[in-house]
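Here the structure is laid out as structure tokens; the discussion comes afterwards.
The values are calculated or read from the model by the stated rules, or taken from the named source; none is laboratory data. All figures in this text were calculated on a predicted structure; none of them were measured in a lab. Cβ atoms come from the backbone with ideal geometry, glycine included; neighbour counts cover every protein chain shown.
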Amino acid sequence: MTSTPSASPAPAASGAGPAALLFRVLCLVALVALGASYFQPAWWVSLKAPNYPEQTFPDGVKIHFHVDRVANGCQMRVSAEVLEKEALDCVHEMDTINHFVGMYPIASGGPVEKLLSPFLFSFIGVCILGFAIPGVRLRLIAMGLGFAAIAVWMTLALYTANGVQYIGKGWVTGLVDSLGRSEDETKEENLHPIVKQLKESLAKSGIVVGNEGPKLAAAATKAQLVEVLKAVHDMKAPVSLTDPTVGKWTGRGIDVMAWHYEESLGRWFNEPAKNQRLVAIMKTATHVVFGAVLAAMVVFLWVAARPRSPLFLALALVPMILPIGFLVEYSAWLWWYGHSLNAMGAFTLKPFMPTVFGDGKVAQFSTHSYPAIGFGLMCVVGASMAVATLVRRSLPASAKD
């Protein structure tokens with residue numbers, strides 16, 4: 001009697017195994033890091049000079065760049081001589097320094113990118129999911145639903161009345177913080193109108209705080225911040241005797257962005273004709289990016305249906321180049337700041353390229369520019385997807401479907 005040798009089990013068609021598991025774990029790591037990077041500062045910049053002593057400015061005049069706003073990077077001082085209840089507002093301090101040489105406020109940089117950041121990051125997240133999900137049918141369903149949700153969300157936020165309510169609080173807080181700065185807010189009678197509006201809105205909710213704009217914005221809800229933006233918009237809006245729609249608040253994300261951008265450009269340098277041209281460019285850019293994102297969704301769904309094609313790797317390439325994309329954007333806007341100096345500045349300075357990475361010097365200021373935790377998380381996204389791509393290449397053909 002002869003025994004029949006037992007056949008070795010065939011590899012599972014689904015691609016189950018250590019390599020397939022590692023591939024999807026890496027995608028999950030990238031997805032989590034992507035979400036975390038959105039809420040963390042990506043880069044920080046600090047200015048130091050003899051007239052900003054370490055006792056008052058321990059880290060110099062420091063700011064944090066987030067993907068949706070610019071935030072104060074200064075910490076409260078630890079001093080036996082000075083009791084400080086609120087950190088110094090170093091975004092306002094840096095704006096004040098910069099405007100003397102004709103540089104526009106920091107809030108005027110990257111208006112389109114900051115507005116669209118939640119949709120772009122969500123788009124990248126869907127690409128990561130599509131790269132990880134097995135099965136063409138399941139992948140297309142998941143990506144189709146994800147892209148559809150982003151498209152509806154983006155359309156509502158940008159183009160419908162009061163669509164600003166669909167955009168994250170971080171972006172709205174950045175707008176309020178920027179508009180809420182004035183030269184002297186230490187006295188009640190000198191408070192900026194937006195700070196007064198915030199105090200009144202919070203008081204109705206039973207919240208009592210001091211006069212600090214950033215602290216007020218942190219304590220307020222997003223709905224309260226939007227109402228304050230509307231109040232300041234209406235206070236400054238032009239009035240027409242023939243067209244009642246002129247200057248009216250729409251609350252559309254694209255209109256709020258354009259209004260705030262124009263306010264930022266004109267804070268120090270009031271040149272309406274020039275500023276309005278720049279605003280028109282940014283509104284056009286928003287329309288273009290909106291259309292490009294919708295078109296990209298269709299293209300990536302087509303790619304997702306071809307898992308054995310080299311083009312499928314584009315799903316991983318988009319998150320893989322995220323840190324590079326951020327650096328390119330960041331560098332481009334630094335170039336714009338240094339090469340768009342307004343002649344109305346108190347001092348004349350030749351156009352220059354601010355320091356992107358490392359230490360530099362401008363006039364008597366030493367400059368310091370380095371990545372923060374958010375950029376590190378973006379690098380985790382890129383590295384995880386790069387390794388995931390290599391692991392996927394080692395999988396059997398059936399496991400790539």
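Some points to look at:
- Options 41, 9, 58, 5; residue that is under 30 Å from residue 360 (Cβ atoms), surrounded by fewer than 21 Cβ atoms within 10 Å (Cβ to Cβ) and modelled with pLDDT under 85: 58
- Which listed residue, of 345, 358, is modelled with pLDDT under 90, surrounded by fewer than 18 Cβ atoms within 10 Å (Cβ to Cβ) and not hydrophobic (A, V, I, L, M, F, W, C): 345
- For residue 379, the conditions (1) of a type outside the set (Phe, Trp, Tyr); (2) within 26 Å of the chain's Cα centre (by Cα); (3) over 30 Å from residue 310 (Cβ atoms) are fulfilled apart from (3).
- Number of positions in region 145-168 that are buried (at least 18 other Cβ atoms within 10 Å of the Cβ) and in a helix (DSSP H, G or I): 8
- Tally, over region 127-144, of residues that are among the hydrophobic types (A, V, I, L, M, F, W, C) and either buried (at least 17 other Cβ atoms within 10 Å of the Cβ) or under 25 Å from the mean Cα position of the chain (by Cα) (or both): 8
- Region 125-142 residues that are touching a residue at least 24 places away in the same chain (Cβ under 8 Å), paired with ones that are assigned to a helix (DSSP H, G or I) and charged (D, E, K, R) (beta carbon under 9 Å, 6 or more apart): 129/139; 130/139; 131/139; 131/392; 132/24; 132/139; 134/24; 134/400
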